[in-house]
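> Pasting in a structure now, in structure tokens, and then I'll have a few things to ask.
The values are calculated or read from the model by the stated rules, or taken from the named source; none is laboratory data. In this text the structure is predicted, and so the values were computed from the model without any measurement. Cβ placement follows ideal geometry from the backbone for every residue including glycine, while neighbour counts extend to all protein chains displayed. Ligands, DNA and RNA are stripped out before the accessible areas are found, and what is left, the full protein with its side chains, is counted by its heavy atoms. Shrake-Rupley method; radii C 1.70, N 1.55, O 1.52, S 1.80 Å.
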Amino acid sequence: AAAPVCVLVLGMAGSGKTTFVQRLVAWLQAQRGPSPYVINLDPAVRDLPFPANIDIRDTVKYKEVMKQYGLGPNGGIVTSLNLFATRFDQVMKFIEKRQNSSKYVVIDTPGQIEVFTWSASGTIITEALASSFPSVVVYVMDTSRSTNPVTFMSNMLYACSILYKTKLPFIVVMNKTDIIDHSFAVEWMQDFDTFQDALNQETSYVSNLTRSMSLVLDEFYSSLKVVGVSAVLGTGLDDFFLQLSKAVDEYEREYRPEYERLRKTLEKAQHKQKREQLEHLRKDMDGMCVQGNTLTGSGDASAMGPSELILTRGTLDEEEETESDTDDIDHEVTEESHEEPAFRNFMQEMRLKYQRSS
């Protein structure tokens, strides 16, 4: 079965992010297709307006974290998310089990957007999902509060920073189109002169900075996917899923090869580290053998050091053998221990070398 699409929903506090997730889940369920797999990562939310398959509140108690560590609201959310991230490998297993029955994985993040985007736990969760499943970042923006060009530019700068931080396909959802249509914002992004005319009404220093930044973001606008949505009325979701399919194609075309390359690089680095450790062990054992032969005579078995006793293990007579807990260990080669056959051959080689020297 095709891997499910992970939709990471981010947004400023009050932008309607959780309401958008609720409408998204309801729309998918109304299509009579596979039910989405929903994950809530906001430990401070009191009531969820949608059913969640995995809820961080079932794992981490937000108020207890604040009390035990003496933290404020934001510090409690960061710590709760960090604690949950240590068990995110189990979440990945749950998602893998549901990939045959769920086409989408919808993830709601904390209202304090900087908690997720700039914390270590947010990076761990994002990279873990993106390395295994097609992942798309959805930035929910409050259109009614972005009619001011300076506020609009602030939102765009934040969206740009998240895009380059997550390095994933990005969709800007201009929410609350039932209050005001988002066409003015799209026009500002497509027509530089129109945005400059709106800025002429502002005379503050910030407007001059905004005027300069609008030139810088021109390339960012050209490749940005924008859709207007009303989370209350449910309008615009057809267009959203059209943009989502394009973002998934972008992930498969541009982002998946990069993650595959990073995975192979990591595997090579780990393999190289294991080889170096094995080589260091070989040199250490060679040095121990030379030192043991120099200090002891060839027939003086009583003066053998610990390393020599280890090397002679398995050559004792049957009456001298004793039970050991090591015998209960399963020594079969697993996928995690590719170096065990080489190590076994090395030990056999060193054992023969010692027997010849003595």
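> Please find, among G70, G111, the residue that is among the small types (G, A, S) and either at pLDDT 90 or above or open to solvent by less than 10 Å² (accessible area, probe 1.4 Å) (or both).
Step by step, each of G70, G111 is checked, and only G70 is among the small types (G, A, S) and either at pLDDT 90 or above or open to solvent by less than 10 Å² (accessible area, probe 1.4 Å) (or both).
> Residues in the stretch 267-280: is at least one more than 22 Å from I162 (Cα to Cα), hydrophobic (A, V, I, L, M, F, W, C), part of a helix (DSSP H, G or I) and out of contact with any Gly (no Cβ under 6 Å at 6 or more places or on another chain)? If you could, list the steps in order and put the result at the bottom.
Residues of the stretch 267-280 more than 22 Å from I162 (Cα to Cα): 267-280.
So of that shortlist, the ones also hydrophobic (A, V, I, L, M, F, W, C) come out as 269, 278.
From the residues that got through so far, the ones that are part of a helix (DSSP H, G or I) too are 269, 278.
Still in the list and also out of contact with any Gly (no Cβ under 6 Å at 6 or more places or on another chain): 269, 278.
For the stretch 267-280, residues more than 22 Å from I162 (Cα to Cα), hydrophobic (A, V, I, L, M, F, W, C), part of a helix (DSSP H, G or I) and out of contact with any Gly (no Cβ under 6 Å at 6 or more places or on another chain): present.
> Can you tell me which of (1) crowded, with 16+ Cβ neighbours inside 10 Å; (2) outside any strand (DSSP E or B); (3) not acidic (D, E) is the one L262 doesn't meet?
For L262, the failing item is (1).
> So in the stretch 3-35, with the set limited to residues that are in a loop (DSSP other than H, G, I, E, B), touching a residue at least 40 places away in the same chain (Cβ under 8 Å) and open to solvent by 10 Å² or more (accessible area, probe 1.4 Å), which one is farthest from G236 (Cα to Cα)?
A3
> Still on this structure, I have one more. Checking the conditions here, which among T126, T117, T143, T210 is touching a His at 6+ places or on another chain (Cβ under 9 Å), open to solvent by less than 20 Å² (accessible area, probe 1.4 Å) and among the hydroxyl-bearing types (S, T, Y)?
Numbers: T126 fails: touching a His at 6+ places or on another chain (Cβ under 9 Å); T117 fails: touching a His at 6+ places or on another chain (Cβ under 9 Å); T210 fails: touching a His at 6+ places or on another chain (Cβ under 9 Å).
After applying the criteria, what remains is T143.
> Could you list all residues from the stretch 174-187 that are among the β-branched types (V, I, T) and surrounded by 15 or more Cβ atoms within 10 Å (Cβ to Cβ)?
T177, I180, V186
> Now for a separate question. Could you grab me the full set of residues in the stretch 204-251 that are part of a helix (DSSP H, G or I) and farther than 30 Å from V5 by Cα?
Y205, V206, S207, N208, L209, T210, R211, S212, M213, S214, L215, V216
> Condition first: more than 22 Å from the chain's Cα centre (by Cα) and β-branched (V, I, T). Now tell me which residues in the stretch 221-275 satisfy that. Spell out how you get there, then give the answer.
Our first condition is that a residue be more than 22 Å from the chain's Cα centre (by Cα); within the stretch 221-275, this holds for 221-243, 271-275.
Answer for the stretch 221-275, where residues must be more than 22 Å from the chain's Cα centre (by Cα) and β-branched (V, I, T): V226, V227, V229, V232, T235.
> Moving on. Please give the number of the condition V137 fails out of (1) assigned to a helix (DSSP H, G or I); (2) open to solvent by less than 60 Å² (accessible area, probe 1.4 Å); (3) within 30 Å of L209 (Cβ to Cβ).
Exception for V137: condition (1).
> Further question on the same structure: Considering only residues that are assigned to a loop (DSSP other than H, G, I, E, B) and in contact with a helix residue (DSSP H, G or I) (Cβ under 9 Å, 6 or more places away or on another chain), look in the stretch 192-203 and name the one that is most open to solvent (accessible area, probe 1.4 Å).
Out of the qualifying residues, it is Q201.
> Right, another one. Please work out if V78 is at pLDDT 85 or above, out of contact with any His (no Cβ under 9 Å at 6 or more places or on another chain) and within 22 Å of V248 (Cα to Cα).
So V78 does not fit the description; no.
> For the condition in contact with a strand residue (DSSP E or B) (Cβ under 8 Å, 6 or more places away or on another chain), open to solvent by 20 Å² or more (accessible area, probe 1.4 Å) and among the charged types (D, E, K, R), what is the one hit in K165, K103, K93? Reasoning before the result, please.
On the way: K165 fails: in contact with a strand residue (DSSP E or B) (Cβ under 8 Å, 6 or more places away or on another chain); K93 fails: in contact with a strand residue (DSSP E or B) (Cβ under 8 Å, 6 or more places away or on another chain).
After ruling out the rest, the residue left standing is K103.
Residue-wise test of (1) assigned to a helix (DSSP H, G or I); (2) open to solvent by 30 Å² or more (accessible area, probe 1.4 Å).
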site: M153; (1), (2): yes, no
site: M156; (1), (2): yes, no
site: V172; (1), (2): no, no
site: M189; (1), (2): yes, no
site: R253; (1), (2): yes, yes
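> Go through (1) part of a strand (DSSP E or B); (2) more than 23 Å from F241 (Cα to Cα) one by one and return the number of the condition L83 breaks.
Status for L83: all satisfied but (1).
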